[in-house]
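This report concerns only the one structure given below.
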Amino acid sequence: MSAEMDRVLELIAEHHIEFIDLKTIDLVGRLHHITLPLREGTLDSLMEQGVGFDGSSFGFAKVESSDMVQKPDLSTIQIDLFRDRPTLTCFTNVFLTDEKRSRFPQDVRWVARHAEELLKSLGIADGTHWGPELEYYIFSQVEFDTRTSASYYKVDHAEEFFQNAYHACSPFDLYDDFRDESCRLLEQAGIPVKYHHHEVGERGQQEIEMLFMPLLQTADAITLAKYILFSQAAENGLEVTFMPKPMYQQAGSGLHVHQFLTKAGQNIFFKEGEYANFSETGLYYIGGLLKHAAALAAFTNPSTNSYKRLVPGFEAPVALTYSQANRSSCIRIPRYVYDAKETRMEYRPSDATANPYLMLAAMLMAGIDGIVNKIDPRAEGFGPFDGNVFADKSLQFLPRDLAEALDALEADNEWLRRDGVFPESLINQWIKTKREEVHAIATMPHPFEYKMYFHR
């Protein structure tokens, strides 16, 4: 019996567990679950045979070939904090229904694991470290609907600052106790929190930053954190949203990701005396991210709403540059970091409408391509650039909308397909799914269009 199974049996005995809940993430990042009563033999059956499900409903496969199997990943087992009956919960791995029960290559958790394995097999590094900053809004009440003859949204917010609300203090920060409880729940769920604070948005914007974790664990943590925050808000009669731009003329919400690589315990991004103490390998990693940033945006900013946040001329990170302090650059090397062990870069465009498994895996694949092909960001004209990026007409910028990002992904995806990490079928399905979203928005009249055009 494995150590993981021993731990599960201890939890069952200690907490008198009655159910086991299997959570699976679909292609676009939504969380699904199925719950089984826990009887004698249930765990053995789950580990051997798994549970069948319709992969077409997850965006994974066509209806005519959609039978798939999910099995528990016992390393992720824990107590579900929001179920009335004692329930274990875990993430799953997805398998095909062939004779070998092969891993489904488009399973997003498998893609994330495969990317890390590729990094190791190439001898570049043996450890990845990711620190996400989760930004979101808390609202009192939200209403929205779209029909053939009506389309609207209405947001009620308890907070209303009339100035920059960054790090606003109590009693004006109304949700500091809420964030305290959020962080307690996150820590209880095994997610290490660095800190929390009020963000810039004057109508209820928040931030929780996590400590560094490996890639797959980080993607799991982001997914679980969203589940916890949604559930906590529901219990408190509040609404939480991770939309990049939920309100007009308010700060957008991103999912900035700090990242570095280690080999034999040493940070391979560090070299004392260079610009920002960044090594040549680290610069090549940056070069890969910026070289493929337009295509990468299809995974890091995969919603039509994403590009309402990424508007040039503001603090939004839209310039394909790197720097130490310029927050309009896509990549920032934090100037406040003095510890060689945590020398890192921060990728700033991404947002939480992304599927975190595909987002992080795509970032790593871009960085790997930069290192393998020695893509020097200085030679490519990406910086370093610590000045006003909008004053330099030669600089390049991120795509202006999702359609443009999808065009870029169609033209530039070989780096994702290295060693089969991102199957071509996954990329094609992603593009197809996202183009349907673009079409849906493009053909729906917007309420603001009535204000501009109805009486012309």
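Kindly indicate whether THR97 is part of a strand (DSSP E or B), outside the structural domain of TYR227 (by TED's automatic domain parsing) and either at pLDDT 95 or above or not aliphatic (A, V, I, L, M) (or both).
no
Please state which one of THR89, THR97 is more than 27 Å from ALA233 (Cβ to Cβ) and among the polar types (S, T, N, Q). Steps first, answer last, please.
Details: THR89 fails: more than 27 Å from ALA233 (Cβ to Cβ).
The match here is THR97.
Looking only at the range 335-361, filter to residues that are touching a strand residue (DSSP E or B) at 6+ places or on another chain (Cβ under 6 Å) and more than 28 Å from PHE422 (Cα to Cα); which one of those is surrounded by the most Cβ atoms within 10 Å (Cβ to Cβ)?
Taking the candidates together, the pick is THR343.
Can you tell me which residue among ARG400, ARG417 is in contact (Cβ under 8 Å) with a residue 60 or more places away in the chain and not small (Gly, Ala, Ser)? Explain how you work it out, then say what you get.
Working: ARG417 fails: in contact (Cβ under 8 Å) with a residue 60 or more places away in the chain.
Of the residues listed, the single one that is in contact (Cβ under 8 Å) with a residue 60 or more places away in the chain and not small (Gly, Ala, Ser) is ARG400.
Can you list the strands (runs of 3 or more DSSP E) found entirely within the range 1-61 that contain at least 2 residues being outside the structural domain of LEU229 (by TED's automatic domain parsing), over 19 Å from PHE82 (Cα atoms) and of a type outside the set (S, T, N, Q)?
Output list reads 51-54.
Would you be able to say whether some residue in the range 76-90 is surrounded by fewer than 17 Cβ atoms within 10 Å (Cβ to Cβ), under 20 Å from PHE422 (Cα atoms) and not hydrophobic (A, V, I, L, M, F, W, C)?
no
Taking the condition among the basic types (Lys, Arg), more than 18 Å from PRO317 (Cβ to Cβ), surrounded by fewer than 23 Cβ atoms within 10 Å (Cβ to Cβ) and out of contact with any helix residue (DSSP H, G or I) (no Cβ under 7 Å at 6 or more places or on another chain), does LYS434 pass?
no
Does SER350 satisfy the criteria of being under 30 Å from LEU426 (Cα atoms), out of contact with any Asp or Glu (no Cβ under 6 Å at 6 or more places or on another chain), at pLDDT below 95 and not β-branched (Val, Ile, Thr)?
no
Could you check, for the range 363-372, whether at least one of its residues is modelled with pLDDT under 95 and crowded, with 20+ Cβ neighbours inside 10 Å?
no
The values are calculated or read from the model by the stated rules, or taken from the named source; none is laboratory data. All values derive from a computational prediction rather than experimental measurement. Using ideal geometry, Cβ is built from the backbone for each residue, glycine included, and neighbour counts are taken over all protein chains shown.
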